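*Asks:* Provided herewith is a single structure, encoded as structure tokens, for subsequent inquiry.
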Amino acid sequence: MTRAESQVGSDWPLLGRDREMELLTSALATGASGGGVLIGAAGMGRTRLAREITATAIRSGRATQWLVATRAAASLPFGATLSLLPLDEPATEPFAFIRGVIRHMEALARPYPPVVCIDDAHLLDDASAALIHQLALRRIGFLVLTVRREEPVPDAVVALWKDGHLEPIELKPLPPEAVDTLIARTLGRQVDALTRAELQVTAAGNPLALGQALVKGLRDSTLVRRGQVWSSRASLLTGRERQVCLLAASGLPSQVIADRLVLSVRTVNNHLSRAYGKLGVSRRADLMKALNGSFPVMDPTGR
Ligand SMILES: Nc1ncnc2c1ncn2[C@@H]1O[C@H](COP(=O)(O)OP(=O)(O)OP(=O)(O)O)[C@@H](O)[C@H]1O
Ligand SMILES: [Mg+2]
């Protein structure tokens, strides 16, 4: 892993989430709500925000529990919440388990309620969902759940925010300024404007997508550094070269491209061979890969 690659993702400072942090930290401090549900698309930063809240809670001296719901754990009743009860407290049937957890959590609640984070709560098994619902109803603990927007969510979890026990917090795409700052954290301040625009469009405010685009670009050298300035190889192409490349990458032969752009076949081939050099490819078949994700900002017809 290169130095630039290691500056991606978990190494980034938390950006663009001031409102959400403020909402949760003030609810935590005042006890105004029983917690929040962070709802967002895949990669939008739900786990990161929940981690930041947990860190804040630890700094303020609270007990915390970090639970992760997974498909594997969901095959077991209380699979995701087993660790809420110490192993030496046996509870062989569901009610005994729920009672045991409630008692244990109440004991932890002095002087402040513990913070319980459940990452990917849309994957909770039914028994765990019912248990979490009980904790929310009784206001035992400050609950922070993360839920992936596109996934089905158990009823007991939806009820947590529909019935007003927890605050729903929608994670929107990060603002462009935050994305620019993250790009600069990874590549430095000197990034060519078109490349920055390409990365902005590829990421669409999603920090996971941005991190993946940067790592991919660095690994397969579609992001290159010339002097002090980072550019995507694709951004080195002229407008005409881009048009020709996109049409060639979509499988059109030179003759058809020439007809479409009202150029000679020879000119089309000249554009292509110059573009191959800039993109570091030697065949049409590799064009698509070299262009992949690089041209979301342009139309193949150049219009
Ligand atoms: N607001 C932010 N500022 C800076 N980096 C962030 C921010 N949000 C997330 N990240 C980083 O982006 C990456 C993806 O975030 P995270 O894993 O929290 O997303 P997620 O919504 O939980 O994704 P998944 O759908 O895979 O569970 C992580 O490396 C994280 O540190
Ligand atoms: Mg996550």
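*Asks:* By how many nm would the segment from residue 208 to residue 55 grow when fully extended, if each residue of separation counts as 0.36 nm and the alpha-carbon distance is taken off?
*Replies:* Once the chain is fully extended between residue 208 and residue 55, it gains 53.0 nm.
*Asks:* Spelling out what I want: for every residue of the range 236-247, take phi, set θ = phi - 60°, compute 6.51 cos²θ - 1.76 cosθ + 1.60 (Karplus), and round to whole Hz; glycine and proline get x.
*Replies:* So the Karplus estimates, Gly and Pro as x, are 7, 6, 6, x, 5, 4, 4, 4, 4, 5, 5, 5 Hz.
*Asks:* With the other protein chains left in place, how much accessible area per residue, in square angstrom, belongs to the chain at a 1.4 angstrom probe?
*Replies:* Working: 14970 Å² over 303 residues.
That works out to 49 Å² for each residue.
*Asks:* Continuing with the same structure: Of all the accessible heavy-atom surface of the range 50-160, with the other protein chains kept in place and a 1.4 Å probe, what percent is carbon and sulfur?
*Replies:* Working: 3080 of 5490 Å².
Carbon and sulfur together cover 56 percent of it.
*Asks:* Still on this structure: Order 172, 278, 289, 216 by their accessible area, 1.4 angstrom probe, all chains in place, largest first. Write down the numbers at each step before the final one.
*Replies:* Numbers: 172 125, 278 60, 289 150, 216 85 Å².
From most exposed to least exposed: 289, 172, 216, 278.
*Asks:* Does a label point 7 Å from the Cα of residue 216, set along Cα-to-beta-carbon, have any residues of the range 274-288 with amide nitrogen under 17 Å, and which are they?
*Replies:* Flagged as within label range: 286-288.
*Asks:* If R₀ is 35 angstrom, what is the calculated FRET efficiency for the pair residue 226 and residue 18, using the beta carbon separation as r and rounding to 0.05?
*Replies:* After rounding to 0.05, the efficiency reads 0.45.
*Asks:* Another question, if that's okay. Let me know the charge dipole size of the range 17-170 about its Cα centre in debye, to the nearest 20, where only the beta-carbon of Lys, Arg (+1) and Asp, Glu (-1) is charged.
*Replies:* 380
*Asks:* Mean residue ellipticity at 222 nm from the helices of the chain, using -39,500 (n - 2.57) per DSSP H segment of n ≥ 4 over the full residue count, to the nearest 500 deg cm²/dmol?
*Replies:* -14000 deg cm²/dmol
*Asks:* If each of residue 172 and residue 126 carries a label point 7 Å out from its Cα toward its Cβ, how far apart are those two points in nm?
*Replies:* 3.8
*Asks:* If amide hydrogens are placed 1.01 Å from N in the peptide plane, which non-local residues have theirs closer than 5 Å to the one on residue 142?
*Replies:* 115, 116
*Asks:* Expressed as a whole percentage, what fraction of the accessible surface of the range 184-303 belongs to carbon and sulfur atoms when a 1.4 Å probe is rolled over the protein heavy atoms?
*Replies:* Numbers: 3200 of 6090 Å².
Carbon with sulfur: 52 percent of the solvent-accessible area.
The values are calculated or read from the model by the stated rules, or taken from the named source; none is laboratory data. Keep in mind that this is a model prediction, so the values were computed, not measured. Counting neighbours? That spans all protein chains shown, and the Cβs are built from the backbone with ideal geometry, glycine included. Remember, those area values only see protein heavy atoms, side chains included, never the ligands or the DNA or RNA. Shrake-Rupley method; radii C 1.70, N 1.55, O 1.52, S 1.80 Å.
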